[in-house]
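Reviewing the structure listed below.
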Amino acid sequence: MLFLVISTPRAEHPSALVGDRTRYWDWMRPLLDKGLARSVHARVGRGAVALFDVPSNEILHQLLNEWADIIAAQFDVYPLLDEESAKAFLRAQ
């Protein structure tokens, strides 16, 4: 299941969060290595965008809670279809 997640961190001085932001990248690396996250990008200014590929909503829920424990943020979550799934849906119409 693909999900695009856009984070908007709580308004704080960026310099106060350097340690947390470093922990975030350390937390994200194993998710990328395992394929649970396909990509992640820092947003210019503040926040991040991640593409998760997880087997269930519960796993996504767990990951977003872990993320929020590192950096408190609001998350916008968008469920996605990959190309093949989108094409299969269109063929079935």
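Here are some notes:
- Length gained on full extension, D33 to Y78, computed as 0.36 nm times the residue gap minus the Cα-Cα distance: 14.0 nm.
- Helix 57-70 axis, angle to the chain major axis (alpha carbon atoms, nearest 10°): 20
- Springs join every pair of Cα atoms under 10 Å in this Gaussian network model of the chain, and among L64, L51, L81 the largest mean-square fluctuation is at L81.
- Rounded to the nearest 500, the 222 nm mean residue ellipticity of the chain from helices alone is -14000 deg cm²/dmol, with -39,500 (n - 2.57) taken per DSSP H run of at least 4 residues.
- Dividing the convex hull volume of the alpha-carbon atoms in the chain by its residue count gives 103 Å³ per residue.
- For the chain, size of Cβ-based charge dipole, Lys and Arg +1, Asp and Glu -1, in debye: 220
- Loop-located GluC sites (Glu not before Pro) in the chain, at most 14 other Cβ atoms within 10 Å (DSSP): E12
- Cβ crowding within 10 Å, taken as a proxy for footprinting-reagent exposure, orders F89, F52, F75, F3 from fewest neighbours to most as F89, F75, F3, F52.
Every number here is computed from the coordinates shown, using simple stated rules; none is lab data. Remember, it's a predicted structure, so these values are computed and weren't measured experimentally. Every residue, glycine among them, receives a Cβ derived from its backbone with ideal geometry; neighbour counts consider all protein chains shown.
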